[in-house]
Amino acid sequence: MTASTARVSRVELTTLVLALVALGVSIYLTVEHYAAPNSLACPDTGAINCTKVTTSTWSEVGPVPLALLGALYFAAMSALCVPAAWRVTALDRVRVIGAAGGVATALYLVWVELFQVEAICLWCTVVHVASLALLVAVLWRVTGREPA
Amino acid sequence: MEGVSSSSTRPKRPAPLAGKPKGAALKDREAARRALAASARTRNNQRRRLVTVLAPIGAVLAVLAILVVVRATTSQDHAGKKTRAAAATVIAQVTGVPVAAFEAAGAPAKRSDTITATGGGALTDNGKARVLYVGAEYCPFCATERWPLIVALSRFGSWQGLKYSYSASSPEVFPDTSTFTFHGATYTSRYVSFTGVETATNRQVNGSYEPLDQLGADDGAIMKQYDPQGSIPFTDLGGRWVINGATYDPSVIHGRTHAEIAATLDKPGTASGKAIDSAANVLTAAICQSTGGQPVAVCTSPSVVAAGKTLP
């Protein structure tokens, strides 16, 4: 393995780790949503209140919790970010669009938190930060490819 | 960092020509020139790559910064418990609850013991049924009752100038309940005349809440007749029914924002949507008895008829 390949692998690995972290948090929020929505491990200091956010009207799209949709999305992104999938350059466009869509959704949800629910959910913030970092890593990797 | 040019790849300057054959020196110079060009290309590619990655990140951070600054600016109003302009979408949701939501909400599951029949004469104003509300901005039960009152009256007329307000902070019960204030609001209707009196703000000065609206002598007499202790909220619905308190549990809306509560009004499957819409159906039924059943579409709707049967 060349040094260059090793460096590229680290970026690919980073994308996978980020997607998996966000997937793990989304699964936790989904389980809590169905099992015990008021028992999230999160401080309640007024401005920071996970339960208020995750039990709000905006926490569901119809009957489906946003956390579940997030889990499905990050499962798909995880699949797109495994090293074997990175070797399929045709998927680069899907990866970029997917990561950008995740950041756009995160921005919308931050707006909901700040202006509609008036509380911040720390677990959700972890997912939002992971989404932004994932976009950075995906763009870095895709723009670093040798032109075909 | 991956792909960034390093000193090891940087081209070296051409070696001095001395001691070398002329052809070899030219080759060295050409190789060096190609290496310099390649290096410049690499640097340009790296620059382009950095811009491609950093531009969207900068845009995201800029949007986030704007959101936080706007939130920080407006949150001072909330922290100060000041009334503030209501969002148009929220007003539209509160004053335009769909008929289907009223029908689905129906009558309250439990009859409210805060409503009593007066047995007295009609309360009117220029031939219209008159609704008198007396409350205060600090009062959490007033905050609770304003929601169904605004929703119900919207079926007979229209509101202007409703603003966001909050009940008083802790140690008051149900602190900071999201609501509106009738102070400065106007109501127009062909059938109903409304008087909303907010006797005090939600801000304390020297241990007392600041006085706001003056209760007129005639309205004071009405309140004294049906609410001798002067407890608030007090609501007189056309002289036939009075409400002393809130008609549903304040905990249903406590801790929720205006937007959040308003968003449930077309969802009678939610706790707050069901509570507010069904309470509004009861108020509507009571008011209909003073408007001669007008407007017919409202007063004869199955949910209003059903809610009317829960009146004492």
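Laboratory data are not the source of any read-out in this text; all were calculated from the coordinates shown. Just so you know, these numbers come straight off a predicted model, no measurement behind them. Quick reminder, even Gly has a Cβ in these numbers, built from the backbone with ideal geometry, and neighbours come from all protein chains shown.
Couple of notes before you dig in:
- The residues packed around residue B:190, meaning those with a beta-carbon under 15 Å from its beta-carbon, carry a net charge of +2 if Lys and Arg are +1 and Asp and Glu are -1.
- Extension reserve of the residue B:59-residue B:25 stretch, reckoned as 0.36 nm per residue once the Cα distance is removed: 7.2 nm
- The equivalent ellipsoid of chain A has semi-axes of 32, 14, 13 Å, largest first, where each one is the square root of 5 times an eigenvalue of the Cα gyration tensor.
- Cα gyration tensor of the protein assembly as shown - equivalent ellipsoid semi-axes, whole Å, descending: 66, 22, 18
- Projecting the Cα positions of A:53, B:40, B:251 onto the charge dipole of the protein assembly as shown (unit charges on Cβ atoms of Lys, Arg, Asp and Glu, taken about the Cα centre) puts B:40 furthest along the positive direction.
- A Förster radius of 56 Å combined with the Cβ-Cβ distance from residue A:17 to residue B:249 puts the calculated FRET efficiency at roughly 0.75.
- Spin-label pair residue B:45/residue A:85, simplified geometry with 7 Å Cα→Cβ offset, distance in nm: 2.6 nm
- Between residue B:173 and residue B:125, residue separation times 0.36 nm minus the direct Cα-Cα distance comes to 13.8 nm.
- Pairs from the list B:163/B:309; A:52/B:274; B:163/B:267; B:110/B:163; B:128/B:309 with a Cα-Cα gap above 26 Å: B:163/B:309; B:110/B:163.
- Using only alpha-carbon positions in chain B, the gyration tensor eigenvalues give semi-axes of 71, 22, 15 Å once each is multiplied by 5 and square-rooted (largest first).
- Per-pair calculated FRET efficiency, R0 = 41 Å: residue B:73 and residue B:218 via Cβ, rounded to 0.05: 0.45
- Environment charge at residue B:104 (Cβ cut-off 14 Å; Lys +1, Arg +1, Asp -1, Glu -1): -1
- Computed from the Cβ-Cβ distance with R0 of 25 Å, the FRET efficiency linking residue A:28 to residue B:103 stands at 0.05.
- For segment B:95-113 and segment B:132-153, distance of Cα centres in Å: 17 Å
- Straight Cα distances below 24 angstrom link residue B:27 to the lysines B:12, with same-chain residues fewer than 8 positions distant left out.
- Distance from segment B:232-257 to segment A:63-142 (C-alpha centre basis), Å: 44 Å
- The protein assembly as shown: Cys lacking any partner C-beta under 4.7 angstrom: A:81
- Distance between modelled label sites at residue A:75 and residue B:36, nm, 7 Å Cα→Cβ extension: 5.8 nm
- Crossing angle, helix B:22-79 versus chain B [Cα axis fit, 0-90 degrees, rounded to tens]: 10 degrees
- Arranged from fewest to most other beta-carbon atoms within 10 Å of their beta carbon, B:300, B:116, A:57 become B:300, B:116, A:57.
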